[in-house]
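Below: one structure, written as structure tokens.
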Amino acid sequence: MQSPPTVPSATDHTEPVRRRDWAGEPGLILGEDAQGYDELLAQVRRALTPRDVMEEMWIRDVVDLAWDSFRLRRLKANLLRVRASNAVWDVLGPLVRNAYDLAQKWHARDEAAVRTVDAALKSAGMSMDAVMAATLREEIDEIERIEAMIANTETRRGVGLREIERYRASFAEKLREALESVENSDPHAAGIVPQPPAEQEAV
């Protein structure tokens, strides 16, 4: 008779770390690396060592929220970068002629335009920080919304981690109570074997 196939447990480190089929593919956007997501998921799973499907779900939520937080930070930086050409035009308007055309060429990373912008800022006692400050001023409403979204994802991620901690503590408490109940009701389980009554001495 053949023995049934063994099924690796959630704590079996020989099992390859991968996305679970029931969770589906992660919601990645254009330009995001699926391998990077898988590496993050693998590292979190190794750190937390999920014990059952409930913990697997919470870990997937935690990883997705962490990925969302990273994404929002990238998008915030890219928003400032994309909008910076308008700020170049705004800052350099009083300093150089054809500031609009110069800003467009600077945005396209034309080398001559980049050097001209840097020289004009330096001559006015400014740096690229002035351009980025002007960009932030123009985009502050959008930046605040993104920051609020980041704070929300980080709060929810913390909740997910606390759920895992609470779940494990609850399981451990239930296990302790069950063991105590068994020990109190079954002397053999507690290692206490009652001795047979002593035989009466013959008269």
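The values are calculated or read from the model by the stated rules, or taken from the named source; none is laboratory data. Because the structure is predicted, anything quoted here is derived from the model rather than measured. As a convention, Cβ positions derive from the backbone with ideal geometry for all residues, glycine included, and neighbour counts pool all protein chains shown.
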Next item on the list: Look through Glu177, Glu163, Glu139 and report the one residue that is surrounded by fewer than 16 Cβ atoms within 10 Å (Cβ to Cβ), among the charged types (D, E, K, R) and in a helix (DSSP H, G or I).
Entry: Glu177
Checklist line | Leading residue by the ranking (farthest from Val131 (Cα to Cα)) among those in segment 91-115 that are touching a residue at least 24 places away in the same chain (Cβ under 8 Å) and either of a type in the set (Val, Ile, Thr) or surrounded by 17 or more Cβ atoms within 10 Å (Cβ to Cβ) (or both) | finding: Val96
Margin query: Which pairs turn up if I take residues in segment 166-178 that are closer than 17 Å to Glu55 by Cα and touching a residue at least 24 places away in the same chain (Cβ under 8 Å) and look for partners that are assigned to a helix (DSSP H, G or I) and of a type in the set (Phe, Trp, Tyr) with beta carbon separation below 9 Å, at least 6 apart in sequence or on another chain?
Written below: Tyr167/Trp58
Notebook entry, point to check: Based on what the data block shows, is Lys105 on the phi < 0 side of the Ramachandran plot, modelled with pLDDT of 95 or more, in a helix (DSSP H, G or I) and in contact with an Asp or Glu (Cβ under 8 Å, 6 or more places away or on another chain)?
Noted result: no
Check: Mind checking which residues of segment 39-81 are surrounded by 15 or more Cβ atoms within 10 Å (Cβ to Cβ), in contact with a Ser or Thr (Cβ under 6 Å, 6 or more places away or on another chain) and either aliphatic (A, V, I, L, M) or more than 14 Å from Met149 (Cβ to Cβ) (or both)?
Finding: Leu65, Leu80
Notebook entry, point to check: When you look at Trp58, is it in contact with a Phe, Trp or Tyr (Cβ under 9 Å, 6 or more places away or on another chain) and either of a type in the set (Asp, Glu) or modelled with pLDDT under 95 (or both), yes or no?
Noted result: yes
Next item on the list: Go through the residues of segment 28-38 one by one and say whether even a single one is surrounded by 15 or more Cβ atoms within 10 Å (Cβ to Cβ) and assigned to a helix (DSSP H, G or I).
Entry: yes
Check: Name the pairs whose Cβ atoms lie under 8 Å apart, with the first residue in segment 46-66 and more than 23 Å from Asp33 (Cα to Cα), the second modelled with pLDDT under 90 and aliphatic (A, V, I, L, M), and 6 or more positions between them or separate chains?
Finding: Thr49/Ala10; Pro50/Ala10; Arg51/Ala10; Asp52/Ala10; Glu55/Ala10
